[in-house]
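Everything below concerns the one structure shown next.
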Amino acid sequence: MTLPSQYPNHHVPIKYFLASYRALSDGRTGVRLLEEKLDKSSRSLLSEWKVLWIGTCTILRTSIDLFRIDGESCLAPRIREEIQAEWHAIRTEKEKHAIFWEFLRKERDSVIHQYEWRAYETWIKPDGTFRGPKLSLLIMEDDDGAKPAILMKEGLFKGRDSLELLRDGADWVEERIFSAVRRAGFDPEEARSLASFLPLPKIKGGLLGDLSSGDGDVEKDNKP
């Protein structure tokens with residue numbers, strides 16, 4: 001994500017240089033919107049959650065696919081190498097990364113290729129029992145105190161709260177990205193120049209410089 005030189009004074013955390021992390025950020029937005037949809041709903045959802053669900057699953061799955069793009073980008077060589085190594089581990093150690101292969105990837109593919117949904121809408125009553133959604137095309141108020149939920153109906157994660165699983169998926173993606181960046185010797189939160197990937201300049205004598213020596217010297221760290 002290195003940009004033209006008109007941005008020399010703009011610095012952002014290293015994580016935002018990665019396409020995979022930018023996709024993850026959008027995926028987390030999808031998780032938040034779905035949470036709000038469920039929290040605020042006191043009516044039958046009539047499957048309105050499905051658009052947010054498949055969109056978020058797809059973006060989180062894409063964030064991992066983007067490891068191949070980040071691994072060939074113009075980032076620091078060590079970051080590229082560790083991103084490539086992380087993708088290799090995900091691809092070859094599938095049992096350790098089941099949340100990707102058995103959830104994010106399968107859920108997206110199931111809907112996109114067969115339009116089959118492995119997550120389903122249900123309602124949880126105050127006593128902990130379940131009931132299905134009301135099937136009337138008219139939106140009716142629910143008077144039994146039930147709250148909407150989405151559960152997995154098949155696969156490795158059968159019976160799991162689907163929203164919780166989606167949160168876990170986002171956390172897993174972030175850990176894969178951050179662990180690769182840290183192994184490369186960088187802090188994902190460290191600010192770097194958009195134009196050159198150089199760190200923020202260090203100012204001798206503190207934030208305001210050494211007042212006794214004049215205007216204070218700026219010391220630049222040119223190490224990538």
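Some values worked out for this structure:
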| quantity | calculated |
| --- | --- |
| Every residue from the range 44-64 that is exposed (fewer than 15 other Cβ atoms within 10 Å of the Cβ) and in a helix (DSSP H, G or I) | 51 |
| Odd one out for residue 115, checked against (1) within 24 Å of residue 37 (Cβ to Cβ); (2) modelled with pLDDT of 95 or more | (2) |
| Candidates 127, 143, 109, filtered to the one that is modelled with pLDDT under 70 and either assigned to a strand (DSSP E or B) or among the charged types (D, E, K, R) (or both) | 143 |
| Test: residue 24 is closer than 27 Å to residue 147 by Cα, of a type outside the set (Gly, Ala, Ser) and not in a loop (DSSP other than H, G, I, E, B) | no |
| Residue ID - farthest from the chain's Cα centre (by Cα), chosen from residues in the range 152-186 that are within 23 Å of residue 88 (Cβ to Cβ), surrounded by fewer than 18 Cβ atoms within 10 Å (Cβ to Cβ) and among the charged types (D, E, K, R) | 183 |
| Pairs, first touching a residue at least 40 places away in the same chain (Cβ under 8 Å) and more than 21 Å from residue 91 (Cα to Cα) in the range 49-76, second part of a loop (DSSP other than H, G, I, E, B) and among the polar types (S, T, N, Q), C-beta under 6 Å, six or more apart | 74/2 |
| All positions within the range 48-81 that are touching a Gly at 6+ places or on another chain (Cβ under 9 Å) and of a type in the set (Asp, Glu) | 81 |
| Candidate set from the range 105-121 (those that are in contact (Cβ under 8 Å) with a residue 12 or more places away in the chain and acidic (Asp, Glu)); member that is farthest from residue 131 (Cα to Cα) | 107 |
| Counted residues, the range 65-100 - those being part of a helix (DSSP H, G or I) and in contact with a Ser or Thr (Cβ under 9 Å, 6 or more places away or on another chain) | 9 |
| Condition broken by residue 18, with the remaining ones in (1) of a type in the set (A, V, I, L, M); (2) over 14 Å from the mean Cα position of the chain (by Cα); (3) over 26 Å from residue 156 (Cα atoms) satisfied | (2) |
| Failed criterion for residue 219 (all others in (1) of a type outside the set (Phe, Trp, Tyr); (2) surrounded by 15 or more Cβ atoms within 10 Å (Cβ to Cβ); (3) at pLDDT below 95 hold) | (2) |
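Residue-by-condition table, conditions (1) among the small types (Gly, Ala, Ser); (2) surrounded by fewer than 19 Cβ atoms within 10 Å (Cβ to Cβ); (3) closer than 30 Å to residue 151 by Cβ; (4) within 20 Å of the chain's Cα centre (by Cα):
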residue	(1), (2), (3), (4)
74	no, yes, no, no
77	no, yes, no, no
81	no, yes, no, no
84	no, yes, no, yes
94	no, yes, yes, yes
107	no, no, yes, yes
116	no, yes, yes, no
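The values are calculated or read from the model by the stated rules, or taken from the named source; none is laboratory data. Keep in mind it's a predicted model, so treat the numbers as computed, not measured. Here the Cβ is made from the backbone with ideal geometry for all residues, glycine too, and neighbour counts use every protein chain on show.
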